[in-house]
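Report on one structure; see the data block that follows.
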Amino acid sequence: MTDLSISGQQVLPGPPPPPPTIPEPFRITTNAPHHMNDASLTPGRRKLQKWLGRVLRIVITDGRVLVGFFNCTDRDANIVLSMCAEYLVEGQEPRLLGNVMVPGKHIVSLNIDEPDPQSSLLVQ
């Protein structure tokens, strides 16, 4: 067995220290299958977890519509969308924005943007 010396103190190899615990407000939520049925999650958190990675359509107070993939939210209802597009007027070409943080105080409505099965090319 080899002894290690750091600043004059003898240190013997042993088990690594336990990882630091993360306080509850900073809990990381994921939509990985093994975390989806975590009994400690509230129904609201469980619903938000299912929305991760889905396309959201957000209407904000000035009338703009933002459509992008839902990445995260926080206590203040701020939402982060990736690959976001901004629609100023319905029917016009969107402006591509990329990653966007939408302040919760400006959100008027929020919808999960799901494709209409009737408009699918596979339906004959």
For region 62-99, which trypsin sites (Lys or Arg not before Pro) are both in a DSSP coil and crowded by at most 11 other Cβ atoms within 10 Å?
ARG75
With a 1.4 Å probe and every protein chain left in place, tell me how much accessible area GLU114 has, in Å² to the nearest 10.
120 Å²
When a/c reaches 1.5 or more, the comparison of a/b and b/c decides; with that in mind, is region 48-87 rounded, prolate or oblate per its Cα gyration tensor?
oblate
Can you send over the solvent-accessible area of ASP62, 1.4 Å probe, protein chains only, in Å² to the nearest 10?
90 Å²
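The values are calculated or read from the model by the stated rules, or taken from the named source; none is laboratory data. If you're wondering where the values come from, they're calculated on a predicted model, not measured in any experiment. Methodologically, a virtual Cβ is constructed for each residue, glycine included, from the backbone with ideal geometry; neighbour enumeration extends over all protein chains shown. For the accessible areas, the whole protein counts, side chains as well, though only heavy atoms, and no ligand, DNA or RNA atoms are used. Shrake-Rupley method; radii C 1.70, N 1.55, O 1.52, S 1.80 Å.
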